[in-house]
Amino acid sequence: MVDRLAAVTGATGFLGRYIVSALATTGWQVRILARQIPSDQIPVNKALETVVGDIGDRRALRALVDGADVVVHAAGLIKASNLAAFRVVNVGGTANLIDALDNCRPAKHVLLVSSMVAREPQLSAYAATKREGEEIVTALRAHDWTVLRPCAVYGPWDRETLVIFQAATRRILPLAGPRRGRVALIHAADAANAVASLCDRGSSGRIFELTDRRVGGYAWPEIAAAAEAAVGVKVLTLPLPGIVVRAAAAVNMLAARIAGRAPIFTLGKAREILHPDWGSSGDRLPPPDIWQPKIELSTGFRDTVSWYRDRGWLPAIADGRP
């Protein structure tokens with residue numbers, strides 16, 4: 001039996017490494033696009049083929065998709081200095097990939113890993129460019145497509161949600177989101193399994209959201225309580241008014257500009273955090289006969305904290321004290 005071939009962009013990123021593993025585990029041969037041959041940080045049970053290049057390299061993209069049965073586009077920029085920089089990757093990179101498919105026959109199934117923030121493109125440059133990338137894919141006529149919008153993704157290797165646990169180990173956890181707001185969460189392994197399941201099933205021509213079993217999301221105090229239980233210390237929560245969140249974002253952007261780096265916490269990100277509803281509903285998720293999430297928040301947070309501690313990303317004992 002000839003292996004089915006999945007071509008993957010963004011394979012060396014946080015969620016991307018999980019996607020590669022999930023595809024390989026379910027029997028796919030995987031070919032990835034990467035700037036260099038990756039280390040063994042991407043665990044697979046068979047040989048991993050690498051095309052050296054990036055999302056702006058049209059020749060590499062043609063080599064990536066040649067002969068593939070499915071193309072998983074998970075590459076994306078999550079921080080940049082301005083809208084134009086976001087557009088280069090999140091919009092231009094998507095367009096480059098689709099251009100590389102122009103002469104491919106037979107038709108491919110293109111699965112775009114987007115983000116739930118694409119629901120609200122007015123909030124930030126990131127959200128706007130994720131929506132633009134979706135529009136490129138959903139306009140496809142020569143190839144089949146599926147778009148996935150994961151909610152907030154956490155798990156081992158993630159440095160963005162690490163800050164929540166770092167704050168919890170210091171016993172003071174600022175709550176930047178609105179107290180009555182809802183935030184859906186999903187473990188990276190569950191999100192990756194959704195990608196693999198939809199690759200197995202084939203095209204849908206649909207946009208799906210991905211969450212854990214709490215489809216409607218969690219209140220910020222619930223997330224704080226789960227983080228507190230995971231780190232094993234009593235945590236004081238500190239709700240932050242919206243004006244403070246926005247001011248902190250402005251200060252962070254100024255500091256990043258002075259340091260010559262791209263900020264992750266921007267005014268756009270502040271608007272995303274302050275948005276009251278990042279929950280979902282059952283009709284927006286993939287059908288349960290195709291995929292269902294398995295990892296509960298308490299288990300996912302606990303295992304993630306354990307992984308962080310094993311690698312020294314968090315102190316083995318809270319605050320380093322016995």
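The values are calculated or read from the model by the stated rules, or taken from the named source; none is laboratory data. Given the structure is predicted, the values throughout are model-derived calculations rather than measurements. Neighbour counts are summed over all protein chains in view; Cβ atoms, including those assigned to glycine, are modelled from backbone coordinates with ideal geometry.
Looking at Ala107, Ala75, Ala60, which is the one that is at pLDDT 95 or above and farther than 18 Å from Ala262 by Cα?
Ala60
Go through the stretch 164-193 and give me each residue that's part of a helix (DSSP H, G or I) and either among the charged types (D, E, K, R) or closer than 21 Å to Val147 by Cβ (or both).
Ala188, Ala189, Asp190, Ala191, Ala192, Asn193
Could you give me the residue pairs with C-beta distances under 7 Å whose first residue belongs to the stretch 297-317 and is over 9 Å from Pro156 (Cβ atoms), whose second residue is loosely packed, with under 13 Cβ neighbours inside 10 Å wherever it lies, and which are 6+ apart or on separate chains?
Within 7 Å, the pairs are Arg309/Ala316.
Which residue, of Ile243, Ile164, is more than 16 Å from Ile290 (Cβ to Cβ), surrounded by fewer than 16 Cβ atoms within 10 Å (Cβ to Cβ) and of a type in the set (A, V, I, L, M, F, W, C)? Give the steps one after another, and end with the answer.
Values: Ile164 fails: surrounded by fewer than 16 Cβ atoms within 10 Å (Cβ to Cβ).
One residue alone meets the criteria, Ile243.
Out of Ala255, Ala196, Ala248, report the one residue that is part of a helix (DSSP H, G or I), small (Gly, Ala, Ser) and buried (at least 22 other Cβ atoms within 10 Å of the Cβ).
Answer to the check: Ala196.
Assigned to a loop (DSSP other than H, G, I, E, B), under 30 Å from Ala316 (Cβ atoms) and of a type outside the set (D, E, K, R): which single residue out of Pro293, Pro263, Pro288 fits that description? Before you say what the answer is, go through the steps one by one.
On the way: Pro263 fails: under 30 Å from Ala316 (Cβ atoms); Pro288 fails: under 30 Å from Ala316 (Cβ atoms).
Only one candidate qualifies: Pro293.
How many residues does the stretch 117-132 contain that are in contact (Cβ under 8 Å) with a residue 60 or more places away in the chain and crowded, with 19+ Cβ neighbours inside 10 Å? Steps first, please.
Just the residues of the stretch 117-132 that are in contact (Cβ under 8 Å) with a residue 60 or more places away in the chain, to begin with: 117, 120, 123-127.
Now restrict to residues that are crowded, with 19+ Cβ neighbours inside 10 Å: 117, 123-127.
The number of residues fulfilling the criteria is 6.
Between a first residue in the stretch 229-245 that is touching a residue at least 60 places away in the same chain (Cβ under 8 Å) and within 18 Å of His275 (Cα to Cα) and a second residue that is β-branched (Val, Ile, Thr) and buried (at least 16 other Cβ atoms within 10 Å of the Cβ), which pairs have beta carbons less than 8 Å apart while being 6 or more apart in sequence or on different chains?
The qualifying pairs are Val245/Ile273.
If you check Gly92 against the conditions, is it surrounded by fewer than 23 Cβ atoms within 10 Å (Cβ to Cβ), within 19 Å of the chain's Cα centre (by Cα) and over 22 Å from Asp200 (Cβ atoms)?
Judged against the criteria, Gly92 is a match.
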